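Enquirer: Got a structure for you, written out below as structure tokens; questions coming shortly.
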Amino acid sequence: ALTFRGHINLGDAELVAATGSIVLDATTDASLSDLQLEALESIRVEEGATVAVRSTASLRAPMLTVAGDVRTPGGQIQLDSGPEGQTVVAGLLDATQHNRSGAGGQIVGLGSAGAITGTAHLDASGFSGGGSVYVGGGKGGVDPLYHNARHNDVLAGATIRADALSHGQGGTII
């Protein structure tokens, strides 16, 4: 297992764990453009940890748990536990764009089973239009870009947003 604690600066990084698990109990440098984490077993973003990047945060493992924060202003957050895996979100997934010329980003949470707990907040809102949030698959279960969950729970207290914050149209939540 790889465990990161404290403050980490990986530059524009791709980290692939050849075996085992990745645990993030750290804050990443917000100057990162992209971050891709892959593990054969699991990835866990601990409560209190913050993954902050400018463009894309991609986490892939058969078991994904996000109890902390993942932030990409107007960018993409991709959580994919595969067609047989489990994705659990209990923290913040924030792809909000506050820039006056920007629409919201994209949040994609995929896996065979998923849970958005009552403490989770997913936000792809944008100043000039909402972004998109896909939880458990694509529109109507027929979008070939997204594998569909067999079971997905969104618990009371969770928030999912893709609002236009100033003007424009709201986004898409599926």
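The values are calculated or read from the model by the stated rules, or taken from the named source; none is laboratory data. None of the values given here were measured: they were computed from a predicted structure. Cβ sites come from the backbone with ideal geometry, for glycine too, and all protein chains shown count toward neighbours. Note: areas computed on protein heavy atoms with side chains; ligands, DNA, RNA excluded. Shrake-Rupley method; radii C 1.70, N 1.55, O 1.52, S 1.80 Å.
Enquirer: Restrict the check to segment 25-42 and report whether at least one residue is surrounded by fewer than 20 Cβ atoms within 10 Å (Cβ to Cβ) and modelled with pLDDT of 90 or more.
Expert: Yes, segment 25-42 contains at least one residue that is surrounded by fewer than 20 Cβ atoms within 10 Å (Cβ to Cβ) and modelled with pLDDT of 90 or more.
Enquirer: Hey, another quick one. Going by the conditions given, is Gln76 at pLDDT 95 or above, polar (S, T, N, Q) and buried (at least 20 other Cβ atoms within 10 Å of the Cβ)?
Expert: Working: at pLDDT 95 or above: yes; polar (S, T, N, Q): yes; buried (at least 20 other Cβ atoms within 10 Å of the Cβ): no.
When the stated conditions are applied, Gln76 does not pass them.
Enquirer: Quick one: in segment 87-101, of everything that is out of contact with any Asp or Glu (no Cβ under 8 Å at 6 or more places or on another chain) and of a type in the set (A, V, I, L, M), which residue is most open to solvent (accessible area, probe 1.4 Å)? Walk me through it before giving the result.
Expert: Step one: list which residues in segment 87-101 are out of contact with any Asp or Glu (no Cβ under 8 Å at 6 or more places or on another chain), which gives 88-89, 97-101.
Going one step further and asking which of them are of a type in the set (A, V, I, L, M), we end up with 88-89.
Details: Val88: 27, Val89: 3 Å².
Only one residue fits best here, namely Val88.
Enquirer: Output the residues belonging to segment 124-174 that are farther than 18 Å from Arg71 by Cα and among the charged types (D, E, K, R).
Expert: Correct list: Lys139, Asp143, Arg150, Asp153.
Enquirer: Report whether or not Ala162 is in contact (Cβ under 8 Å) with a residue 40 or more places away in the chain and either open to solvent by less than 30 Å² (accessible area, probe 1.4 Å) or within 16 Å of the chain's Cα centre (by Cα) (or both). Outline the logic, then answer.
Expert: Working: in contact (Cβ under 8 Å) with a residue 40 or more places away in the chain: yes; either open to solvent by less than 30 Å² (accessible area, probe 1.4 Å) or within 16 Å of the chain's Cα centre (by Cα) (or both): yes.
Against the criterion (in contact (Cβ under 8 Å) with a residue 40 or more places away in the chain and either open to solvent by less than 30 Å² (accessible area, probe 1.4 Å) or within 16 Å of the chain's Cα centre (by Cα) (or both)), Ala162 qualifies.
Enquirer: Sticking with this structure for a sec: Do we find that Thr65 is modelled with pLDDT of 95 or more, hydroxyl-bearing (Ser, Thr, Tyr) and either in a loop (DSSP other than H, G, I, E, B) or more than 14 Å from the chain's Cα centre (by Cα) (or both) in this structure?
Expert: Working: modelled with pLDDT of 95 or more: yes; hydroxyl-bearing (Ser, Thr, Tyr): yes; either in a loop (DSSP other than H, G, I, E, B) or more than 14 Å from the chain's Cα centre (by Cα) (or both): no.
So Thr65 does not fit the description; no.
Enquirer: Let me ask something else about it. Among the residues of segment 123-145, count how many are farther than 15 Å from Ala162 by Cβ, open to solvent by 10 Å² or more (accessible area, probe 1.4 Å) and either of a type outside the set (A, V, I, L, M) or at pLDDT 95 or above (or both).
Expert: The total comes to 5.
Enquirer: Scan segment 144-158 and tell me whether some residue there is farther than 25 Å from Thr27 by Cα, in a strand (DSSP E or B) and aliphatic (A, V, I, L, M).
Expert: Just the residues of segment 144-158 that are farther than 25 Å from Thr27 by Cα, to begin with: 144-157.
Subset that is in a strand (DSSP E or B): 151-154.
Narrowing the set further to residues that are aliphatic (A, V, I, L, M) leaves 154.
Yes, there is a match, as at least one residue in segment 144-158 is farther than 25 Å from Thr27 by Cα, in a strand (DSSP E or B) and aliphatic (A, V, I, L, M).
Enquirer: Further, regarding this structure: Can you pull out every residue in segment 43-70 that is charged (D, E, K, R) and surrounded by fewer than 22 Cβ atoms within 10 Å (Cβ to Cβ)? Explain how you work it out, then say what you get.
Expert: Within segment 43-70, the first condition is being charged (D, E, K, R), and the residues that meet it are 44, 46-47, 54, 60, 69.
Of everything in segment 43-70, those that are charged (D, E, K, R) and surrounded by fewer than 22 Cβ atoms within 10 Å (Cβ to Cβ) turn out to be Glu46, Glu47, Arg54, Arg60, Asp69.
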